[in-house]
Amino acid sequence: KEEATQKAKDIVRMAVARAIALEPLRQFELPVNKAALVVGGGVAGMTCALSIAEQGHEVYLVEKEKELGGMARRLHYTIEGLDVQAYLRDLVKKVHEHPLIHVYTGAQILEATGYVGNFVTKIESERGLSEIKHGAVIIAIGAEEYKPTEYLYGEDERVLTLLELEEKIAKGDESVAQAQTVVMIQCVGCRNEERNYCSRVCCSQAVKNALKLKEIKPDIDVYVLYRDMRTYGFREDYYRKAADKGVIFIRYEPDEKPRVERVEEGGKTFLRVTVTEPTLGMPLAIDADILALAAAVVPSAGAERIAQLFKVPLNQDGFFKEAHVKLRPVEFDTEGVYLCGTAHYPKHIQEVINQAYGAAGRALALLSHDIVIASGVVAQVEEKRCIGCGACVQVCAYGAVELRETKQGKKATVNPIICKGDGLCNAVCPAGAITLKHFTNEEIGRQIEVAFAAM
């Protein structure tokens, strides 16, 4: 108890000593441009753009493809039976007809500069070169489907991904109608050394397609080879429904993955899938007419470039990393930049829509104000001591530090509006030319002196 009391006294003395050296901090008031930029024209991007536009703000919707829709263009129905294409057509129509939404298709972002409330983005699209001024950015560039290199994919036309199988089912393809046996292999391209994450949507996608096949042709044999069935939430009911309808689920271990080979018997060619049946403990050979692979959901090819342009981080898997998984799930540490959709991580359409509304809400909280106040806890450079080495420029994650030519040579300068006061530049400066306001050397030095004086 006495030691705790003494520690408390020491902390108070240190705080008082530091307070003597404190200087007033000046906060910055910045005007807010009321427009928003949405990068990505999939379901997430369009939902977010509509939500913001319906509150009276101009929205610039930028899409790299020549038409809107993203990955949803390849989806035809949900596991609950909803018509994705009808929903998508209605969404695209609303976006194009909204007077406050400006759509740029076939677009590429050339440059992005500025800061919260005052961004400037240059793009090249089917309209030509454009410079867009906006106050907020929402990143919704989506994700992509992994193109398998295993299980004879690309070598045999009967080997498909689950998305390709869904497209064939929706079109009433003859190969699906005539198939007697369909085998689905889960976790292709993920949950391995290269991509150590679960794509989350694949199990539900497999169950959805299995149920659809049973609906079209009740006597068809459907096998799902899985590592773990993760039909989370109420989708578990559809997994049970599929089992009740005769879909056979067989578990395999990572070190005993299914083997696929072409086999010809009786004048017919089959895809023979061999897997170890865990109950029997013996290899089971299945001759399939169609083999569907649950290909992983992988980050968009442009994710890294977008991250660099808007100075936001990616996680170890290549998806965008939010500021805080619980407290700020649709925001970045870079103020004024928000996130939604599968650019964040793989998720179902309903989750995508929910997050899009969340990102729109956070963006509107910014755009509804005339000004935004920036913190006064920022770094400052003592130009005489700066040697122009550029170490501070390299470590700044926000692009707040840059080297400028002066009469004395290159010197570092800090943009106080962009600076977040993380102190990295201060720590790496070999000349001690950078100090962080509210955490100056004198303030910290006084605390240290008082701490040691008490010993």
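The values are calculated or read from the model by the stated rules, or taken from the named source; none is laboratory data. Computed from a predicted structure; not experimentally measured. A quick note on method: Cβ atoms are made from the backbone with ideal geometry, for glycine too, and the neighbour counts reach across all protein chains shown.
Every residue, every condition in (1) at pLDDT below 90; (2) touching a strand residue (DSSP E or B) at 6+ places or on another chain (Cβ under 6 Å); (3) assigned by TED's automatic domain parsing to the domain that holds Glu335, yes or no:
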{"position": "Gln394", "(1), (2), (3)": "no, no, no"}
{"position": "Ala412", "(1), (2), (3)": "no, yes, no"}
{"position": "Asp422", "(1), (2), (3)": "yes, no, no"}
{"position": "Ala427", "(1), (2), (3)": "no, no, no"}
{"position": "Ile434", "(1), (2), (3)": "no, yes, no"}
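Among the numbered conditions (1) within 30 Å of Gln205 (Cβ to Cβ); (2) over 26 Å from the mean Cα position of the chain (by Cα), the only one that Gln380 does not meet is (1). Restricting to the stretch 114-148, give me the number of residues that are at negative phi, in a loop (DSSP other than H, G, I, E, B) and either of a type in the set (Gly, Ala, Ser) or at pLDDT 95 or above (or both). Final tally of qualifying residues: 6. For the stretch 294-321, a residue qualifies if it is without any contact (Cβ under 8 Å) to a residue 12 or more places away in the chain and either buried (at least 21 other Cβ atoms within 10 Å of the Cβ) or under 11 Å from the mean Cα position of the chain (by Cα) (or both), and the qualifying residues are Asn315, Lys321. Of all residue pairs spaced 6 or more apart or on separate chains, those with beta-carbon atoms under 6 Å, a first member in the stretch 429-455 that is more than 13 Å from Val381 (Cβ to Cβ) and of a type in the set (Gly, Ala, Ser) and a second member that is at pLDDT 90 or above and surrounded by 17 or more Cβ atoms within 10 Å (Cβ to Cβ) are Ala451/Met14.
Looking across the stretch 198-232, the residues that are within 11 Å of Lys245 (Cβ to Cβ) and touching a Phe, Trp or Tyr at 6+ places or on another chain (Cβ under 7 Å) come down to Val207, Leu211.
Exactly one residue out of Thr5, Thr78 is hydroxyl-bearing (Ser, Thr, Tyr) and without any contact (Cβ under 8 Å) to a residue 40 or more places away in the chain, and it is Thr5.
Scan the stretch 395-416 for residues that are loosely packed, with under 12 Cβ neighbours inside 10 Å and of a type in the set (Lys, Arg) and the total you get is 2.
Within the stretch 275-293, none of the residues are closer than 30 Å to Ile418 by Cα, free of Cβ contacts under 8 Å to residues at least 24 places away in the same chain and of a type in the set (A, V, I, L, M, F, W, C).
For Glu58, the stated conditions hold: it is under 22 Å from Thr113 (Cβ atoms) and assigned by TED's automatic domain parsing to the domain that holds Leu110.
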